[in-house]
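In what follows, a single structure is set out as structure tokens and then discussed.
The values are calculated or read from the model by the stated rules, or taken from the named source; none is laboratory data. Worth saying up front: this structure is predicted, and the values here are computed from it rather than measured. All Cβ positions, even for glycine, are placed from backbone atoms using ideal geometry, and neighbour counts span all protein chains on display. Ligands, DNA and RNA are stripped out before the accessible areas are found, and what is left, the full protein with its side chains, is counted by its heavy atoms. Shrake-Rupley method; radii C 1.70, N 1.55, O 1.52, S 1.80 Å.
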Amino acid sequence: MHQRYRAPARKRAVPAWLKRPDLVLAGLVVLLVLLWALVPSLFTSQSPIDGVPADRLQGPSAAHLFGTDHLGRDLFARVVHGSRLTLQATVLAVLIGLVVGTLIGLVSGFVRGVVDDVLMRTMDVLLSIPSLLLSMALITALGFGTVKVAIAVGIGTVANFARVMRSEVLKVSASVYVEAARASGVRTTGVLFRHVLPNAAGPVLALSALEFGVAVLAVSALSFLGFGAPPPAPEWGSLVSGGRDYLATSWWLTTLPGLVVAAVVLSANRIARALEKGTGS
């Protein structure tokens, strides 16, 4: 007798994102911090500016998740509200680097010749200077403040975007469809913005995720050094700096804000690596 054929049971497909829990965790961390910046009142009802002197230097507890500082201010509230200033500066810095660097790399890789040589040698000079040192020099010229910090950090990232964009433009410019567009009489600007730029933008966008984490660290470092918003504005870097005098007795003042900065930087780097693999670079 012939046995009846039984089709093998179908295995339920596991969503791709469930196979990468580290990427999911990184996305949740970034999402949480973005929500802190957009709607801080959902996460804390404490004031980031006003404190209760009787509650000064209390350790982490149910009432104060991150403890309190030397003026009795809730540290968790200051971290949550401080995310707005830090992320505003970070996003502005990345946008400056992305827009300016993309335009420089686009023109350099497409025009080539003397223009390419001049622009790339300028980028080489910027790359030869440590980014933090360059940002500090620019802040000295521009002045202190969150926006000035963002501009300084953004200028420091221009060369990275320009180099990556130029490399991609050189590859795309040699493609058959670009040559066909030129041969068919399409204007140079049309070839540049309709064919070259969209096809060269993938790795640059992946780089922007990586530079987001770098910018968070740079903005926090400059704020730590006192170049950011003046007190009592709760920037992440200034929170870490403000707890240095109490490190021996009140470890949470520097450790917990520092861990938040580290978590955001590592999460942004993890997302950037995933995007980089997705672009095939």
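With r defined as the distance between the Cβ atoms of Leu170 and Ile49 and R0 fixed at 45 Å, what FRET efficiency is calculated, to the nearest 0.05?
On the way: r = 52 Å, r/R0 = 1.15.
Result of the calculation: an efficiency of 0.30.
Principal-axis analysis of the Cα atoms of the chain puts helix 21-38 at an angle of about 60° to the longest axis. Across region 81-232 the C-alpha pair distances fall into 10 Å bins from zero in the proportions 12, 37, 28, 16, 7, 1, 0 percent. Relative contact order of region 205-275: 41 percent, from C-alpha pairs under 8 Å at least 6 residues apart in sequence.
Taking only protein heavy atoms and a 1.4 Å probe, the accessible area of the chain is 66% carbon and sulfur. Going toward the positive end of the dipole of the chain, with +1 on Lys and Arg Cβ and -1 on Asp and Glu Cβ, which of Ile96, Ser41, Thr189 do you reach last? Result: Thr189.
Return the inverse of the average 1/r over all pairs of distinct C-alpha atoms in region 65-106, which is the Kirkwood hydrodynamic radius, in Å to one decimal. Write down the numbers at each step before the final one.
Details: mean 1/r = 0.0804 Å⁻¹.
Every distinct Cα pair counted, the radius reaches 12.4 Å.
Would you mind classifying region 233-281 by shape? Square roots of the alpha carbon gyration tensor eigenvalues, ordered a ≥ b ≥ c; an a/c under 1.5 is rounded, otherwise it is prolate if a/b is larger than b/c and oblate if not. Prolate, because a/c is 1.5 or more and a/b exceeds b/c. Computed from the C-beta positions of Leu35 and Ile129, the FRET efficiency with R₀ = 41 Å rounds to 0.70. Accessible surface for the chain, divided over its residues, is 55 Å² per residue with a 1.4 Å probe.
If I take every Cα pair under 8 Å that is 6 or more residues apart in region 88-184, average their sequence separation and divide by the length, what percent do I get for the relative contact order?
Working: 107 pairs, mean separation 45.6, N = 97.
About 47 percent, as a whole number.
For the chain, what class follows from the C-alpha gyration tensor (a ≥ b ≥ c being the square roots of its eigenvalues): rounded when a/c is under 1.5, otherwise prolate if a/b is larger than b/c, else oblate? Note, shape of the chain comes out oblate.
Extending 7 Å from the Cα toward the beta-carbon at both Leu103 and Asp245 defines two label points whose distance is 4.5 nm. Rounded to the nearest 20 Debye, what is the dipole magnitude of the chain about its Cα centre when Lys and Arg each give +1 and Asp and Glu each give -1 at the C-beta? Dipole about the Cα centre, nearest 20: 1500 debye.
How big is the Rg/Rh ratio for region 154-281, C-alpha atoms only, Rh by Kirkwood, two decimals? Working shown, then result.
Details: Rg = 21.1 Å, Rh = 17.4 Å.
Using only Cα positions, Rg/Rh for region 154-281 is 1.21.
Packing order of peptides 103-111, 247-255, highest average first: 103-111, 247-255 (average count of other Cβ atoms within 10 Å over each peptide's residues).
Given 0.36 nm per residue, what is the gain on full extension from Leu259 to Arg121 after removing their alpha carbon distance, in nm? Spell out each step's value before the answer.
Working: separation 138, 0.36 × 138 = 49.68 nm, distance 3.82 nm.
Gain in length upon complete extension: 45.9 nm.
Note on the chain: helix-only mean residue ellipticity at 222 nm, from DSSP H runs of 4+ residues weighted -39500 (n - 2.57) and normalised by residue number, equals -22000 deg cm²/dmol.
A Förster radius of 51 Å combined with the Cβ-Cβ distance from Tyr177 to Leu42 puts the calculated FRET efficiency at roughly 0.60. In the context of the full protein assembly, Arg121 retains an accessible surface of approximately 120 Å², using a probe radius of 1.4 Å and ignoring ligands and nucleic acids.
In this structure, the amide hydrogen of Thr44, modeled 1.01 Å from its nitrogen in the peptide plane, lies closer than 5 angstrom to no residue at least 5 positions away or on a different chain. All Cα-Cα distances of region 199-265, cut into 10 Å bins from zero to the largest, leave 21, 42, 22, 11, 4, 0 percent in each bin in turn.
When the Cα atoms of region 91-151 are aligned to their principal axes, the ranges along those axes come out at 39, 22, 15 Å in descending order. Spacing of the modelled spin labels on Ser61 and Val24, each 7 Å from Cα toward Cβ, amounts to 3.6 nm.
On full extension of the chain, what length is gained from Leu142 through Phe193, given 0.36 nm per residue of separation minus the C-alpha to C-alpha distance? Each step should come with its number before you reach the end.
Working: separation 51, 0.36 × 51 = 18.36 nm, distance 3.31 nm.
Gain on extension, Leu142 to Phe193, equals 15.0 nm.
Based on C-alpha pairs under 8 angstrom that are at least 6 apart in sequence, region 42-94 has a relative contact order of 33 percent.
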